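Enquirer: Okay, handing you the structure first.
The values are calculated or read from the model by the stated rules, or taken from the named source; none is laboratory data. Just so it is clear, the structure is predicted and the values come from calculations on it, not from any experiment. SASA here: full protein model, heavy atoms, side chains in, ligands and nucleic acids out. Shrake-Rupley method; radii C 1.70, N 1.55, O 1.52, S 1.80 Å.
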Amino acid sequence: MGRRSLPEESPESHEESLPGESVESLSSRVVAGGGVTDAEVDRAIRATLGALVARMSPELAERVRRSLPPALAAHVHGPRFGGALDVAELYAHVGELEDVAPETAQLHARAVCGALARSLPRAVLAALRRELGPEIAATFG
């Protein structure tokens, strides 16, 4: 099963979006990062975003949302728990959201975070690293 291409809005509607960034290009980056198949990529991206957003401030979540392709930006919402997030908690939360084994969740989260590091604007990535702390920042490469 191949990656599905979801409709996009113009980059101008998302002030921090990278020109030309799409769900397809982010998905390709995740798959290229290793450990995620075409069939798993949509679920892996959404689960990792969900786990990260749960610990972001509303302001940072909004900046991340504006930086993503519209089809993914719709998934940057949900309850926020605040507080520190360590890597073990990140992987556990991704595993729960994705309903996969811990080892698979770790591979998926690392691949998604690496792809996000190459896709998000530098200022947004720097804010993400600062807010989520050094342990999580390391997952972004």
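Enquirer: Starting from the Cα-Cα distance between Ala39 and Glu103, subtract it from 0.36 nm times their residue separation and give me the gain in nm to one decimal.
Expert: Values: separation 64, 0.36 × 64 = 23.04 nm, distance 1.73 nm.
Extra length available between Ala39 and Glu103 comes to 21.3 nm.
Enquirer: In addition: Between Glu24 and Ala138, what is 0.36 nm times their sequence separation minus the Cα-Cα distance? Round to one decimal in nm. The partial results should precede the final answer.
Expert: On the way: separation 114, 0.36 × 114 = 41.04 nm, distance 2.47 nm.
Between Glu24 and Ala138, full extension yields an extra 38.6 nm.
Enquirer: Pull out the extension gain between Asp86 and Ala126, defined as 0.36 nm times the separation in residues minus the alpha carbon to alpha carbon distance; nm, one decimal.
Expert: So the chain would gain 12.6 nm between Asp86 and Ala126.
Enquirer: Can you give the accessible area per residue of segment 36-103, in Å², using a 1.4 Å probe?
Expert: Per-residue value: 43 Å².
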